[in-house]
Amino acid sequence: MYTLGIETSCDDTSVAIVKNSTIVLSNVISSSIKFHKKYGGVIPEIASRLHLEVISCTLEEALKQAKIRLKDISLIAVTKHPGLKGSLLVGTSFARALAFGLSLPLVEVNHLHAHIYAPFLNSLWRRNSIFPFVGMVVSGGHTSLFYLKDFNNIECLGATLDDACGEAFDKVAKILGLGYPGGPIIEKLAKNGDLKKIKFGKIKTKQPLDFSFSGIKTGVLYYLISKGYKKSDALSTKHYPISLKRNLSASFQETAVDSLVNKAILACKMKGVKLLAVGGGVAANGRLRQRFQQETKREGLELKVSPLEFCTDNAGMVAGLGQYLFKRGLKA
Ligand code: KG4
Ligand code: ZN
């Protein structure tokens, strides 16, 4: 059974073809990032207009790469929410029209749940051997922990109280004048930095499974001010020596990863589960992946992290989850 997935919740237009819930035959992503770069973040109006321009050819390319035709598709899955309103409207309208025109069933999925499904793509697993487990989404818009009894029985355990983790990476990169999106740039600089050089205050939240990242982001700014830089120096990389940028990147990244890994493991302990699944754009971070591997091994937990290609927004995870839910009776 072939499912066509459509994802347009933010700036990436993506169409994928997935076979039998897990085998990704194609996963085409058309990114509009270069149009947003100069603003240092995603501009919703630009994003939705570009989705509209490229969605048809993204679909054609996905079919071509999967070597199938529209008439071979049995189900359409689309991201319903959360996301940018205008962007979501393009994807859901396109999906509904396609389903109506082809007389196919439609499934609308939650974007965050799709990020938790991503670690299970292109791998072998049996439904009755994974549940219940703890799922973590670390992206540009969300940082959340979930308890899953099934993919249609999900409880939120905690979430960020302020900035999402990816958003904090992007904002720190902005403070250092590094460009957008900040995550991959910070990761690259951090590789040659001293992760213990700069100490940020402990991240405290009232609920142990909630997150907060705005404090470390502000900590980066205050550290620069304490070194004699002015607030107005922020946004211009030329002011800062490379060693400072590397050490700040490494120390910030380590503090953020510490918080993520500690809370994810605490959630597994509190719920008494043996499996942790991690997805979302920030899950592409090499240091995060390494620390999660080390710490889960130490705690005797099984870890499933999203394959790199399915970390940032993609329609493969939407098609996979859509088909899984359809088999369990869900239909729009
Ligand atoms: O999941 P995603 O594509 O979009 C949302 O649903 O938000 O995540 C995008 C976020 C951005 O904030 C970006 O800076 C971050 O993921 N990101 C990373 C890395 N690659 C992308 N953060 C840290 N390290 C990375 N390698
Ligand atoms: Zn996302």
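The values are calculated or read from the model by the stated rules, or taken from the named source; none is laboratory data. As the structure is a computational prediction, the values presented were derived from the model and not from experiment. Positions of Cβ are backbone-derived with ideal geometry, glycine not excepted, and every protein chain shown enters the neighbour counts. Side chains included, ligands, DNA and RNA excluded: accessible areas come from the protein's heavy atoms. Shrake-Rupley method; radii C 1.70, N 1.55, O 1.52, S 1.80 Å.
The figures follow:
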quantity	calculated
LYS80 vs. criteria crowded, with 16+ Cβ neighbours inside 10 Å, within 16 Å of ligand 2 (Cβ to nearest atom) and of a type outside the set (A, V, I, L, M, F, W, C)	yes
Some residue of segment 36-43 being more than 20 Å from THR92 (Cα to Cα) and more than 16 Å from ligand 1 (Cβ to nearest atom)	yes
Sole residue being aliphatic (A, V, I, L, M), assigned to a loop (DSSP other than H, G, I, E, B) and within 14 Å of ASP313 (Cβ to Cβ), chosen from VAL78, VAL42	VAL42
Matching residues in segment 261-281 - criterion: being within 16 Å of ligand 2 (Cβ to nearest atom) and either farther than 16 Å from GLU187 by Cβ or in contact with a Lys or Arg (Cβ under 9 Å, 6 or more places away or on another chain) (or both)	ALA277, VAL278, GLY279
Segment 153-189: number of residues that are small (Gly, Ala, Ser) and over 19 Å from THR143 (Cβ atoms)	2
Selection from segment 172-204 of residues that are part of a loop (DSSP other than H, G, I, E, B), within 14 Å of LEU221 (Cβ to Cβ) and small (Gly, Ala, Ser)	GLY177, GLY201
Selected residue (criterion: surrounded by the most Cβ atoms within 10 Å (Cβ to Cβ)) from residues of segment 152-171 that are part of a strand (DSSP E or B) and in contact with a strand residue (DSSP E or B) (Cβ under 8 Å, 6 or more places away or on another chain)	LEU157
Boolean, LYS174 is of a type in the set (Lys, Arg), more than 10 Å from ligand 1 (Cβ to nearest atom), under 26 Å from ASN110 (Cα atoms) and surrounded by fewer than 20 Cβ atoms within 10 Å (Cβ to Cβ)	no
Condition broken by ILE55, with the remaining ones in (1) farther than 29 Å from ILE175 by Cβ; (2) in a strand (DSSP E or B) satisfied	(2)
Near pairs, Cβ below 9 angstrom, 6+ apart or cross-chain, from segment 2-13 (open to solvent by 10 Å² or more (accessible area, probe 1.4 Å) and within 11 Å of ligand 2 (Cβ to nearest atom)) to any residue that is modelled with pLDDT of 95 or more and part of a strand (DSSP E or B)	ASP12/ILE29; ASP12/SER30
Single unsatisfied condition, VAL134 versus (1) within 16 Å of ligand 2 (Cβ to nearest atom); (2) under 13 Å from ALA264 (Cβ atoms); (3) among the β-branched types (Val, Ile, Thr)	(1)
Among residues of segment 116-151, those that are more than 15 Å from ligand 1 (Cβ to nearest atom) and not in a strand (DSSP E or B), counted	13
Residue within segment 317-330 that is away from ligand 1 (no atom under 14 Å from the Cβ), closer than 30 Å to THR58 by Cβ, over 16 Å from the mean Cα position of the chain (by Cα) and without any contact (Cβ under 8 Å) to a residue 24 or more places away in the chain present	yes
Wholly within segment 205-309, helices (runs of 4 or more DSSP H) carrying at least 1 residues that are surrounded by fewer than 15 Cβ atoms within 10 Å (Cβ to Cβ), of a type outside the set (A, V, I, L, M) and touching a helix residue (DSSP H, G or I) at 6+ places or on another chain (Cβ under 9 Å)	242-271, 286-299
Residue identified as within 15 Å of ligand 1 (Cβ to nearest atom) and either modelled with pLDDT of 95 or more or out of contact with any Pro (no Cβ under 6 Å at 6 or more places or on another chain) (or both) among THR312, THR296	THR312
Filtered residues of segment 84-113 (kept if open to solvent by less than 40 Å² (accessible area, probe 1.4 Å) and within 20 Å of ILE43 (Cβ to Cβ))	GLY86, SER87, LEU88, VAL90, GLY91, HIS111
